[in-house]
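Below is one structure; the comments refer to it alone.
The values are calculated or read from the model by the stated rules, or taken from the named source; none is laboratory data. Owing to the predicted nature of the structure, the values given are computational and were not obtained by experimental measurement. Backbone-built Cβ (ideal geometry, glycine too); neighbour counts: all protein chains shown.
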Protein chains: 2
Amino acid sequence: MSVQLKKDEVALESIEHAKQIVIDAIAETMDLYGVTPSAGRLYGTMYIEGEMTLDQMKDRLGMTKPSMSTAVKKLRSNGMVQKTWEKGSRREHFVAESNFFKSFISFYCKKWEREVEMNVTAVEDAGKELEKIINNDQVSRGIREYAGNLHVQIYESKSYYDWLRRLIDLIESGEIFTYLPIEDTEKRKK
Amino acid sequence: MSVQLKKDEVALESIEHAKQIVIDAIAETMDLYGVTPSAGRLYGTMYIEGEMTLDQMKDRLGMTKPSMSTAVKKLRSNGMVQKTWEKGSRREHFVAESNFFKSFISFYCKKWEREVEMNVTAVEDAGKELEKIINNDQVSRGIREYAGNLHVQIYESKSYYDWLRRLIDLIESGEIFTYLPIEDTEKRKK
DNA sequence: AAAAGTGTAAAATAAATACTTAACGATGTT
DNA sequence: AACATCGTTAAGTATTTATTTTACACTTTT
């Protein structure tokens with residue numbers, strides 16, 4: 001084996017190692033996004049390797065096709081992976097959303113939306129029930145006061161949910177980037 | 001039984017029901033915060049019921065003390081529950097952080113901090129490894145180009161992590177509230 | 001139309017996680 | 001000092017979640 005080929009072989013191994021460092025870090029922080037470690041690893045792999053089919057995924061990660069299928073489904077539901085068209089191929093191809101800003105916006109806005117929706121509904125439902133008691137003069141004074149205090153308490157949380165809803169708007173609309181602009185790290189260095 | 005007592009009894013039941021609506025909603029959205037459903041239920045209960053001891057928790061939720069202990073540990077690590085001093089009592093008392101803004105700040109900043117830290121480190125480590133190859137003229141041109149492209153790709157993610165770090169600062173410092181003020185829902189209604 | 005390729009659903013198995021029981025160590029009380 | 005009280009750790013059990021195996025429905029190719 002020539003010296004040249006030997007050097008190249010070492011270099012390729014080193015590149016694979018470098019890739020793996022990044023993939024592992026992405027996978028490890030993906031628990032925040034409520035996906036399994038495998039799905040995190042898959043996302044990291046797709047991010048680094050680019051477009052992949054289910055069969056390529058299963059070979060790369062040493063898992064089965066159905067599990068790749070479910071992992072992709074999950075990642076797609078989070079907006080982290082998209083299906084792509086590849087002409088001349090029957091297979092479906094998938095690509096990781098490489099714009100982390102989009103992933104961030106998609107993921108958190110969806111989650112926060114759900115949080116606001118569920119809790120505001122609950123607060124309002126519970127509030128109505130308490131108001132009936134508060135306004136019922138056939139109920140003892142002490143109990144009505146208790147209901148009143150509870151009513152105040154749960155409505156305090158609404159100011160948080162209102163704020164969260166406005167945060168969602170700020171991020172979804174992209175207005176956040178006027179207050180907090182995206183800086184180009186590469187350019188800044190020069 | 002008097003009519004009065006009967007009405008009161010119904011009212012108390014209704015209050016418990018109203019509480020449970022709020023507790024359930026909080027518990028259900030707590031999966032976002034990476035806690036188990038039980039821990040979510042516990043937090044919701046503490047938020048509504050106020051200060052509690054481990055024994056009160058276990059009675060309220062019908063679980064064992066060790067599991068309450070681990071749930072509290074988890075909630076405390078997220079900054080969602082705090083220990084309180086109660087003079088004249090040997091038992092430890094715990095109270096849910098009732099300020100959701102504080103919980104939000106504490107939780108997300110901690111998580112995002114970890115995400116940034118881990119990934120930036122990985123990008124820099126992998127970057128160094130790739131640079132060695134890029135600058136090694138004993139390696140074939142094609143491979144060096146490949147390493148170069150990879151280097152560019154992984155460094156692109158850094159602008160996201162830089163942005164996220166600035167978002168953390170904006171939130172931790174409270175500066176976010178100048179752009180997105182907290183509105184008092186109660187007052188606004190009047 | 002038969003055969004092969006492709007993705008997913010359903011059932012079965014494996015692995016991880018949550019919870020309980022039992023036991024311990026630390027601190028306070030008698 | 002012996003006994004209680006309280007929180008937690010450790011080991012065992014149960015439950016949930018992830019993964020694989022098997023089977024099938026739908027396409028495309030032959």
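Of the residues A:SER77, A:SER14, A:SER106, A:SER98, the single one that is under 30 Å from A:ARG166 (Cα atoms), more than 16 Å from DNA strand D (Cβ to nearest atom) and out of contact with any Phe, Trp or Tyr (no Cβ under 8 Å at 6 or more places or on another chain) is A:SER106. Consider the stretch B:21-72 and keep the residues that are more than 13 Å from DNA strand D (Cβ to nearest atom) and of a type in the set (S, T, N, Q). The one that is farthest from A:ALA126 (Cα to Cα) is B:THR29. Listed by first and then second residue, the pairs with beta-carbon distance under 9 Å, at least 6 apart or on different chains, first residue in the stretch A:57-76 and on the phi > 0 side of the Ramachandran plot, second more than 8 Å from DNA strand D (Cβ to nearest atom) and at pLDDT 95 or above, form an empty list. Within the stretch B:1-12, residues that are in contact (Cβ under 8 Å) with a residue 40 or more places away in the chain have Cβ atoms under 8 Å from residues that are loosely packed, with under 13 Cβ neighbours inside 10 Å and among the hydroxyl-bearing types (Ser, Thr, Tyr) in no pair, counting only partners at least 6 apart in sequence or on another chain. Taking the residues in the stretch A:90-117 that are within 16 Å of A:TYR155 (Cα to Cα) and more than 7 Å from every other protein chain (Cβ to nearest Cβ) as candidates, determine which candidate is surrounded by the most Cβ atoms within 10 Å (Cβ to Cβ). Once the filter is applied, the top-ranked residue is A:VAL116.
When residues in the stretch A:159-184 are screened for being crowded, with 16+ Cβ neighbours inside 10 Å and hydroxyl-bearing (Ser, Thr, Tyr), 3 of them pass. Taking the stretch B:118-190 and the helices (runs of 4 or more DSSP H) fully enclosed by it, the elements with 2 or more residues that are within 7 Å of another protein chain (Cβ to nearest Cβ) and free of Cβ contacts under 8 Å to residues at least 60 places away in the same chain are at B:141-172, B:185-189. Checked against the criterion of being within 13 Å of DNA strand C (Cβ to nearest atom) and either β-branched (Val, Ile, Thr) or outside the structural domain of B:TRP85 (by TED's automatic domain parsing) (or both), the candidates B:THR45, B:THR29, B:THR36, B:THR53 yield just one match: B:THR36.
Might you check whether a residue that is within 21 Å of B:TYR146 (Cα to Cα) and assigned to a helix (DSSP H, G or I) occurs anywhere in the stretch A:59-68? Taking every residue of the stretch A:59-68 in turn, at least one turns out to be within 21 Å of B:TYR146 (Cα to Cα) and assigned to a helix (DSSP H, G or I). Once the stretch A:1-50 is narrowed to residues that are more than 20 Å from the chain's Cα centre (by Cα) and outside any helix (DSSP H, G or I), the residue that is nearest to the other protein chains (Cβ to nearest Cβ) is A:SER2.
Against the numbered list (1) surrounded by fewer than 17 Cβ atoms within 10 Å (Cβ to Cβ); (2) within 12 Å of DNA strand D (Cβ to nearest atom), B:LYS87 comes up short only at (2).
Condition check ((1) in contact with a strand residue (DSSP E or B) (Cβ under 7 Å, 6 or more places away or on another chain); (2) among the charged types (D, E, K, R)) across all residues:
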| position | (1), (2) |
| --- | --- |
| B:ALA96 | yes, no |
| B:TYR108 | no, no |
| B:GLU117 | no, yes |
| B:ILE154 | no, no |
